[in-house]
Amino acid sequence: MIPRHLKIGVTVLLATILGLSGYMLRLKRHVPGAPAVELAHVAPPPTGPKEQVTLYVAYDDPGILVARGASIPLPQGRQERAQEVLQALLARYLEEDSSHPLPAGSEIRNVYLVDPGMAVIDANATLADRHRSGVLVEELTVISLVQTLSANVPGINRVKILVDGKERETLAGHADLTNLFDTANVQQLAEQLKAVH
Amino acid sequence: MIFSPLTGFSLPVVERDGHDYVGLVDVLEPLGTVAATRDGTKWRLRFERRNAEFIGGQTQAQVEGKTLALASPFLLESGRGLVPVSGLGALVQEVTGTKPVVFHEDSRRLFVGKVAVRFTEELRKDSPPVLVLTFTSPVSPSIASEPGRVRLTFTREPIMPPPATYNKFDDAVIASAQYEEANGVAVLTVATSAPLLASFSNEGRTLTLSRAPQTRAAKPAAPATAPTAGGAPLASGTVEVPPGAVSNGTAPAAAPAFDNGLRHFFAVIDAGHGGEERGAGLSNELPEKDVCLSFARHLLKELQSRGISALILRDADVTLTLEQRASLANSAHPAIYIALHAASQGRGVRLYTSLMPYSANANGPFQPWEVAQASYVRTAVVAAASVAAELRKHQIPTRVLSAPLRPLNNVIAPALAIEVSSPDEDLPDLVAPNYQQSVASGVADGVVNVRAQLEAGR
């Protein structure tokens, strides 16, 4: 003869097991499945209020550099701001009806403020490998980048341009990338490039 | 000096207990993937997929299970494995598994793999006789002229000794050639009783030494249509003479003087690009290098017709590095250096001077390479303005700018670069002889106008 209290205990235990199983099944239904496609890593959009910046925009015809105002959202960090300003400039050059077309896929990989007064612009290989060749057309690209950077990020007096993180002799056969660009000299050249004569 | 198919490099040698040593990782790193670990006195090395083990103080090493004797004990210094220089060839051969490895121990030249450049010497009884050196690969030795001999020094080339290291020739001017090796370099010394002219051909594989003209008048200019093999007068001191360097003629009114054998030209014309470096593709069939050369020849003629002696650095389709261009230009000590470029963008002519600011020369005769142009920038700007004014008289649209353009910064003379574009929308007009002649004429007039200022700066 099974004692009564044992019958009650087993019944309660079975009821608990059944209840928990049902709860687990319900929970399982609510867990989402693994995503079918791995999410791509996307850089966060720049945050912060829009600010007025000056982009030194190249015009192949007639071969001049013009200061153009633009309003873009800028982050707080100095390095991030430097990068955003150059991205805004590059975006203009990648537009379909650009005044100074750069190769599709051109990117500024990074901008580093490595030393008091020194900035390093790291462009991707596409920008240099597929850049049009010529003294003026290359000069317009590098002076546009350097002048835009120094005009919008105070305290920069020397700029180095790398390609894919490495030093390169010229941009596309002419513009010298081995030396540091002195921003005072670049500013003078930007003045020369304002007009055709 | 270590030569391999991929690279050539030199390493410091240290002396320990009367023996010479090198760091084994330093030797192997440029040749492939190498990793070393230290475990007490044991030092294990992995090169690509081969393993070796050394023990500090021991004169034996295990390489791929094989015992190898070392000429003196293996040394461990701060985790760095030092091996004796003596017997380095055999050790590198075993560790890398590369064959052949040849080590010229006395001259410390190590050849890893099939890298050897061999050469032959032949005295041709032409009139006058010439010594023809034929190499199995292009070479670019530094060439020095000393009283009674010319020395060719091969630093970067893995030159191997000729069958006979001393050759005596039956000639009154070119008497003999002696091959020697020392301290990582190979030297060929040619005994001569007169100044010799060196010229390269066969894409740098053939070097011809011939007697230089003895008169002060230069040889006539090369024809404007056909590229010619070049020759350059040898100077007192060391002058790098890469393939393609050409000395061209001059008008009698400004005959270049031989100064200790080195001809001083008033203007050096540097036709941009060349050889493997095509420059901009102005069209599918028209590389920039060809337009530069054609324009350089027009400019040479225009300068000569105004009594200006000039030298074209590249008068053939050969590759010259920017350093070679600056070195050659500086060797000629010109009053002005003019680099030529061409572009399909824009109209007319753009004149460029160096982007660097003027600064007075405070270094005496020794100029820092990167800023050698600094004390000449002002004169260069004056010359550019003069040339621009003359071009505008020819109705050619002209701009004067500065530019980050090498080798302007490295030249010790007022340096200009000229980028010529088509006068109108039509690209073929860029190569029209009339247009090139018109531009060349304007440039030559502009140079003549500032001749006094340029002379003053020499």
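Conditions (1) touching a residue at least 40 places away in the same chain (Cβ under 8 Å); (2) hydrophobic (A, V, I, L, M, F, W, C); (3) part of a loop (DSSP other than H, G, I, E, B), marked per residue:
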position	(1), (2), (3)
B:Q58	no, no, yes
B:L68	no, yes, no
B:V92	yes, yes, no
B:V95	yes, yes, no
B:D106	yes, no, yes
Checklist line | Single unsatisfied condition, B:F111 versus (1) touching a Pro at 6+ places or on another chain (Cβ under 9 Å); (2) closer than 22 Å to B:T155 by Cα; (3) assigned to a loop (DSSP other than H, G, I, E, B) | finding: (3)
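Return the residues of the stretch A:80-122 that are polar (S, T, N, Q), within 23 Å of A:L136 (Cβ to Cβ) and out of contact with any Leu (no Cβ under 6 Å at 6 or more places or on another chain); say none if nothing qualifies. Walk me through how you get there before you give the answer.
Going residue by residue through the stretch A:80-122, those that are polar (S, T, N, Q) are A:83, A:87, A:98-99, A:106, A:110.
Still in the running and within 23 Å of A:L136 (Cβ to Cβ): A:98-99, A:106.
Result: A:S98, A:S99.
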Note to self: I'd like to check which strands (runs of 3 or more DSSP E) are fully inside the stretch A:87-197 and have at least 1 residues that are within 12 Å of chain B (Cβ to nearest Cβ) and touching a helix residue (DSSP H, G or I) at 6+ places or on another chain (Cβ under 9 Å).
What the structure shows: A:158-163
Notebook entry, point to check: Within the stretch B:20-30, how many residues are within 12 Å of B:L88 (Cβ to Cβ) and not aliphatic (A, V, I, L, M)?
Noted result: 4
Check: How many residues are out of contact with any Ser or Thr (no Cβ under 7 Å at 6 or more places or on another chain), touching a residue at least 60 places away in the same chain (Cβ under 8 Å) and part of a strand (DSSP E or B) when one looks only at the stretch A:55-76?
Finding: 2
Margin query: Being modelled with pLDDT of 85 or more, within 29 Å of A:V137 (Cβ to Cβ) and not aliphatic (A, V, I, L, M): is that true of B:E276 here?
Written below: no
Checklist line | Residue count, the stretch B:265-282 (criterion: within 13 Å of chain A (Cβ to nearest Cβ) and either surrounded by fewer than 16 Cβ atoms within 10 Å (Cβ to Cβ) or assigned to a strand (DSSP E or B) (or both)) | finding: 4
Notebook entry, point to check: Failed condition for B:E370, given (1) surrounded by fewer than 19 Cβ atoms within 10 Å (Cβ to Cβ); (2) more than 9 Å from chain A (Cβ to nearest Cβ); (3) over 21 Å from A:E191 (Cα atoms), with all others met?
Noted result: (2)
Check: Which one of the conditions (1) within 13 Å of another protein chain (Cβ to nearest Cβ); (2) assigned to a helix (DSSP H, G or I) does B:L416 fail to meet, given that it meets all the rest?
Finding: (2)
Check: B:R392 versus (1) charged (D, E, K, R); (2) more than 22 Å from B:A343 (Cβ to Cβ); (3) within 13 Å of another protein chain (Cβ to nearest Cβ): which is the lone unmet condition?
Finding: (2)
Next item on the list: Please specify each residue of the stretch B:150-173 satisfying the condition of being in contact with a Leu (Cβ under 7 Å, 6 or more places away or on another chain) and in a strand (DSSP E or B).
Entry: B:V150, B:L152
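The values are calculated or read from the model by the stated rules, or taken from the named source; none is laboratory data. Everything quoted here is computed from the prediction, not taken from an experiment. Don't worry about glycine lacking a Cβ; one is built from the backbone with ideal geometry, like all the others, and counts go over all protein chains shown.
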